[in-house]
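The values are calculated or read from the model by the stated rules, or taken from the named source; none is laboratory data. The shown structure was predicted, so the numbers you read here are calculated from the model rather than taken from an experiment. Neighbour counts are summed over all protein chains in view; Cβ atoms, including those assigned to glycine, are modelled from backbone coordinates with ideal geometry.
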């Protein structure tokens with residue numbers, strides 16, 4: 001025993017001096033003489049593990065645990081070594097044998113989390129935080145597990161508890177911000193990252209996440225500053241270059257993309273993110289073949305969704321429609337993985353429920369309402385997504401007496417105040433005027449109009465809200481953008497939307513077609529039963545003869561002709577940002593190459609044509 005203690009002491013001296021190999025040799029020599037010495041076995045396991053010899057470490061820890069089955073440290077070390085070797089199932093068996101100890105129970109939670117057994121992981125972490133309420137790491141892990149299970153509110157509570165316990169634990173702020181993203185709590189996400197940046201201003205990942213949060217709330221100047229701060233703080237932090245490149249592209253600052261690439265090169269930053277940014281720039285320059293070669297060489301690990309979207313666009317531009325379709329499928333599959341939607345009725349179910357309330361008998365029984373016409377009603381620009389509404393709103397922005405809103409959530413706030421669609425039928429004069437005033441109150445808070453301007457509320461899917469809109473704005477003019485149903489549905493499927501309850505239907509052609517059918521049924525009911533003052537603008541006519549189509553629209557709106565209304569490029573260039581996936585198109589001259597695009601993908605659309613054909617026939621389109 002004295003000899004083994006002496007050898008252990010000598011080994012420890014070498015290890016402390018940095019000579020792990022020498023220390024290991026002494027430990028192993030001592031174990032030949034004293035194979036059951038528990039101290040020697042424990043240190044030998046630790047040293048061999050540090051040297052990367054995981055197999056040897058497992059052997060030593062296993063021998064130690066056989067000698068001391070109740071040694072918590074030996075059990076944890078053995079399970080941890082098994083995890084390092086990838087033997088998660090054996091690690092779980094090892095840990096479970098001693099999980100009556102709360103610290104081993106904590107390890108059980110981690111292993112179950114890695115195995116994807118989230119129910120068991122959550123149960124383990126709940127036990128840990130109940131026994132050790134101050135364990136901020138367990139609270140953080142509990143938050144991650146709850147987020148993976150779709151319990152967003154539970155995840156947020158766990159992350160907030162962890163932050164309260166350890167204010168300087170920056171990764172927890174990032175975890176909280178990411179789970180807030182899943183439920184569109186944009187302001188809370190931004191507040192979280194502002195606090196993280198206050199604590200760790202030089203942390204590149206914090207600045208990156210802050211930039212993402214700022215982008216969502218459309219503070220693009222501040223987002224750019226955050227991305228550039230991330231780049232300054234970490235020369236090789238290429239994700240910041242990627243996000244800044246995407247922002248510059250979205251803001252139509254194409255020339256600056258090349259300057260960004262040069263900056264990365266001068267700072268020695270390289271990698272797939274830089275290549276991806278370069279491919280974006282080349283695509284916007286029309287150099288599709290060069291961009292495609294770069295995009296294909298970019299691994300999906302940088303961002304599977306964005307890579308697939310770029311590849312799909314490039315394959316489409318070079319005429320490889322089979323590859324483009326496969327890439328669009330991958331893009332949508334990746335979007336579903338990235339975005340978990342909360343439980344509850346689907347958007348289709350909600351629209352169907354609302355439409356069912358709109359029957360001739362019920363509408364006839366609606367009591368008349370009298371509303372205050374000051375301020376005047378907005379003009380509502382509606383139509384199924386990807387039907388040309390962004391092109392129209394871009395053109396209308398050229399008229400100084402119009403205040404064009406691009407998909408701003410105002411009517412939804414009015415809906416909240418309404419308290420349910422069934423209330424539409426019983427609105428009194430006073431209630432209708434309260435709701436009408438609510439609209440303008442929210443407008444003044446979000447995007448107030450200048451004196452004398454008429455509001456143009458562009459929100460495509462307001463077409464399912466027409467009963468409410470007409471009830472409180474019976475004097476409103478409605479612009480309805482229409483396009484071939486097959487082109488609309490295909491374009492929705494191929495657009496990289498931020499998924500919400502409505503947009504999630506676009507991840508498959510069938511889902512998009514069924515949503516089209518549901519939405520148009522709701523719109524048709526409203527149009528047939530209510531005296532809506534509507535003017536139709538057809539996309540296919542617009543791209544062939546914009547002047548004739550816009551003259552008819554301005555006559556409908558009671559506005560004098562102004563040739564500036566045809567300048568879509570000038571209008572787009574003046575916009576700080578275009579929210580919809582049409583941003584790269586409306587900055588170009590008006591073109592007609594997207595009309596009839598669906599024919600290139602006809603074989604993929606054959607299964608949904610029976611859904612869309614009746615609507616095409618009603619609008620006079622051929623299939």
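Quick notes
- Number of the condition not met by residue 612 [criteria: (1) crowded, with 17+ Cβ neighbours inside 10 Å; (2) modelled with pLDDT of 95 or more; (3) more than 16 Å from residue 387 (Cβ to Cβ)]: (3)
- Breaking point among (1) under 32 Å from the mean Cα position of the chain (by Cα); (2) not in a helix (DSSP H, G or I), for residue 99: (1)
- Top-ranked residue in the range 370-399 [being in a loop (DSSP other than H, G, I, E, B) and touching a strand residue (DSSP E or B) at 6+ places or on another chain (Cβ under 7 Å); ranked as surrounded by the fewest Cβ atoms within 10 Å (Cβ to Cβ)]: 376
- Qualifying residue in the range 406-426 (condition: surrounded by 15 or more Cβ atoms within 10 Å (Cβ to Cβ), in contact (Cβ under 8 Å) with a residue 24 or more places away in the chain, touching a strand residue (DSSP E or B) at 6+ places or on another chain (Cβ under 7 Å) and farther than 17 Å from residue 466 by Cα): yes
- Taking the range 10-56 as the range and being assigned to a loop (DSSP other than H, G, I, E, B) and at negative phi as the test, the residues that pass are 17, 19, 34, 35, 36, 37, 51, 53.
- All of 558, 511 fail the test of being closer than 19 Å to residue 386 by Cβ and free of Cβ contacts under 8 Å to residues at least 12 places away in the same chain, apart from 511.
- The combined condition, being more than 29 Å from the chain's Cα centre (by Cα), at pLDDT below 95, under 25 Å from residue 368 (Cα atoms) and not in a strand (DSSP E or B), is fulfilled by residue 422.
- Scope the range 239-261; condition part of a helix (DSSP H, G or I), over 23 Å from residue 300 (Cβ atoms) and modelled with pLDDT under 90; matching residues: 254, 255, 258
- Taken over the range 267-314, the criterion of being touching a residue at least 60 places away in the same chain (Cβ under 8 Å) and not in a helix (DSSP H, G or I) is satisfied by 302, 303.
- Some residue of the range 542-559 being modelled with pLDDT under 90, over 23 Å from residue 491 (Cα atoms) and in a helix (DSSP H, G or I): no
- Residue count for the range 189-207, restricted to those that are within 20 Å of the chain's Cα centre (by Cα) and in contact (Cβ under 8 Å) with a residue 12 or more places away in the chain: 8
- Residues of the range 347-367 that are within 14 Å of residue 427 (Cβ to Cβ) and assigned to a helix (DSSP H, G or I): 362, 363, 365.
- Scan of the range 215-259 for residues that are within 21 Å of the chain's Cα centre (by Cα) and without any contact (Cβ under 8 Å) to a residue 12 or more places away in the chain, ordered by number: 219, 221, 222
- Boolean, residue 499 is more than 21 Å from residue 403 (Cβ to Cβ), in contact (Cβ under 8 Å) with a residue 40 or more places away in the chain, in a loop (DSSP other than H, G, I, E, B) and out of contact with any strand residue (DSSP E or B) (no Cβ under 9 Å at 6 or more places or on another chain): yes
- Matching entry among 489, 478, 534, 519 (being closer than 22 Å to residue 385 by Cβ and surrounded by fewer than 19 Cβ atoms within 10 Å (Cβ to Cβ)): 534
- Taking the criterion of being in contact with a helix residue (DSSP H, G or I) (Cβ under 7 Å, 6 or more places away or on another chain) and in a helix (DSSP H, G or I), the residues of the range 161-179 that qualify are 161, 162, 163, 165, 170, 172, 173, 174, 175, 176, 177, 179.
- Residues within the range 472-489 that are farther than 25 Å from residue 345 by Cα and in a helix (DSSP H, G or I), tallied: 4
- Of residues in the range 180-213 being out of contact with any helix residue (DSSP H, G or I) (no Cβ under 7 Å at 6 or more places or on another chain) and assigned to a loop (DSSP other than H, G, I, E, B), the one modelled with the highest pLDDT: 201
- All of 84, 95, 91 fail the test of being in contact with a helix residue (DSSP H, G or I) (Cβ under 8 Å, 6 or more places away or on another chain), farther than 30 Å from residue 344 by Cβ and surrounded by fewer than 16 Cβ atoms within 10 Å (Cβ to Cβ), apart from 84.
- As a summary of the residue check, residue 399 satisfies the conditions (1) free of Cβ contacts under 8 Å to residues at least 24 places away in the same chain; (2) within 28 Å of residue 540 (Cα to Cα) except for the one numbered (1).
- Conditions (1) modelled with pLDDT of 95 or more; (2) more than 21 Å from residue 335 (Cα to Cα): number failed by residue 174: (2)
- Across the range 447-475, the number of residues qualifying as more than 16 Å from residue 522 (Cα to Cα) and buried (at least 20 other Cβ atoms within 10 Å of the Cβ) comes to 6.
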